[in-house]
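The values are calculated or read from the model by the stated rules, or taken from the named source; none is laboratory data. Here the structure is a predicted model, which means the values were calculated and not measured. Virtual Cβ from ideal backbone geometry, glycine too; neighbours counted across all protein chains shown. Accessible surface areas use protein heavy atoms only, side chains included; no ligands, DNA or RNA. Shrake-Rupley method; radii C 1.70, N 1.55, O 1.52, S 1.80 Å.
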Amino acid sequence: MNIEDFDFDLPEELIAQTPLKDRAASRMLVLNRDAKTIEHKHFTDIKDYLRKGDCLVLNDTRVLPARLYGIKEDTGAKIEILLLHQQEGDSWEVLAKPAKKVKAGTKLIFGDGKLTATCLDTLEHGGRILQFAYDGIFYEVLDELGEMPLPPYIKEQLPEKERYQTVYAKEEGSAAAPTAGLHFTNELLDEIREMGVTIAFITLHVGLGTFRPVSVEKIDEHKMHSEFYHMTKETAATLTNVKENNGRIISVGTTSTRTLETIVRDHGKFQEASGWTDIFIYPPYQFRAIDGLITNFHLPKSTLIMMVSALADRVTIMQAYHEAVKERYRFFSFGDAMLII
């Protein structure tokens, strides 16, 4: 299949720049895969599509305020740093801007000295390895000095950092939010539990590669980025039990989906597992782990729209997206939801 098969016209004004005040107030397009029908609902209507014995799988990753602004110690030149991956101890792989000003041995200062960093190495792709120094707890210092690394299509500042976190965010390490989960409130999750629906958690730390465009014409030539995932023994047992009792596994977000499909692909079942996944899901693909998906509306030509096109089918998904544009749904990270069931 070609990249153009996943293109659609999206008016710029439909790209949501700010989140709704009420997380659960978003709209929800419901796509029935078998009947190929579309319904226009609100997110709180999700309860109408879940039943006792089902399981919602949520990604409990927590977004780091990973963008730092500092200066070079020797010249005072302004430097922007974006944390990518923790190496060992206080050593991190980062992106620096302007990168040419950060060479091995360069010392950087953030927050009037509350945080400093020394460049240990330069990498082929333009990244840097920085060794940080600070007093106290690194994540507390980062929370004070850092900014959320919002997606490139969001131009406005986010007044509250927590609005780019899910209400159940727990495991530090993500460069972006698992945005399908932003629609849930604690109250809504409690109501879903009271219905007899199980809530289970996995962790996948979203990398910046999730925003990397597909640059090849034939999609099977695209190389996916790798992201770290973890599933606990408890979650694996829960999911196994749900399947054995004919319940449905509804994945919340493409990140949860990548984790679940990777584990079942690699192990043939749900089991405790950790590792890095570069799974690329696109049509045709036989899903082995999930029965439904709650997601947001994705970018044209993106790997994410390819994934949802594998769960339904490409023609049906593209029709649903055209319908969403026509009905003025809000798109991308802070936008409305889509349930594929």
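G53 passes every criterion in (1) in a loop (DSSP other than H, G, I, E, B); (2) at pLDDT below 95 apart from (2). Here E172 fits the description: in a strand (DSSP E or B) and more than 28 Å from K243 (Cβ to Cβ).
Screening N59 with (1) in contact with a helix residue (DSSP H, G or I) (Cβ under 7 Å, 6 or more places away or on another chain); (2) farther than 20 Å from F184 by Cβ gives one miss only, at (2). Total residues in region 85-126 satisfying the condition of being open to solvent by less than 40 Å² (accessible area, probe 1.4 Å) and within 18 Å of G173 (Cα to Cα): the figure is 4. Checked against (1) polar (S, T, N, Q); (2) open to solvent by 10 Å² or more (accessible area, probe 1.4 Å); (3) not in a loop (DSSP other than H, G, I, E, B), T295 meets all criteria but (2).
Looking at the structure I just gave you, is R265 open to solvent by 10 Å² or more (accessible area, probe 1.4 Å), basic (K, R) and under 22 Å from M338 (Cβ atoms)?
In short, no.
Looking only at residues of region 175-188 that are hydrophobic (A, V, I, L, M, F, W, C) and in a helix (DSSP H, G or I), we find that the one that is nearest to L20 (Cα to Cα) is L182. Among the residues of region 313-329, those identified as part of a loop (DSSP other than H, G, I, E, B) and surrounded by fewer than 22 Cβ atoms within 10 Å (Cβ to Cβ) are D313, E327, R328.
Condition check: in contact (Cβ under 8 Å) with a residue 60 or more places away in the chain, crowded, with 18+ Cβ neighbours inside 10 Å and in a loop (DSSP other than H, G, I, E, B). Does L150 satisfy that? Yes: the conditions hold for L150.
Within region 271-292, track down each residue that is among the hydrophobic types (A, V, I, L, M, F, W, C), assigned to a loop (DSSP other than H, G, I, E, B) and either open to solvent by 20 Å² or more (accessible area, probe 1.4 Å) or at positive phi (or both). Working first, answer last.
Our first condition is that a residue be among the hydrophobic types (A, V, I, L, M, F, W, C); within region 271-292, this holds for 273, 276, 279-281, 287, 289-290.
Next, only the ones that are assigned to a loop (DSSP other than H, G, I, E, B) stay: 279-281, 287, 289-290.
Answer for region 271-292, where residues must be among the hydrophobic types (A, V, I, L, M, F, W, C), assigned to a loop (DSSP other than H, G, I, E, B) and either open to solvent by 20 Å² or more (accessible area, probe 1.4 Å) or at positive phi (or both): F280, F287.
I'd like to check something: does region 160-173 contain any residue that is within 21 Å of A24 (Cα to Cα) and aromatic (F, W, Y)? Within region 160-173 (the criterion being within 21 Å of A24 (Cα to Cα) and aromatic (F, W, Y)), the answer is yes, since at least one residue qualifies. Picking from residues in region 197-241 that are among the aromatic types (F, W, Y) and open to solvent by 30 Å² or more (accessible area, probe 1.4 Å), the one that is nearest to D266 (Cα to Cα) is F228. Put simply, of K114, K170 the only residue that is closer than 23 Å to E73 by Cα and either over 26 Å from the mean Cα position of the chain (by Cα) or at pLDDT 90 or above (or both) is K114. When the residues of region 181-196 are filtered to those that are open to solvent by 50 Å² or more (accessible area, probe 1.4 Å) and not charged (D, E, K, R), the one that is farthest from G127 (Cα to Cα) is M195. If you go through region 209-249 and keep only what is over 15 Å from the mean Cα position of the chain (by Cα) and of a type in the set (K, R), you end up with K218, K223, K233, K243, R248.
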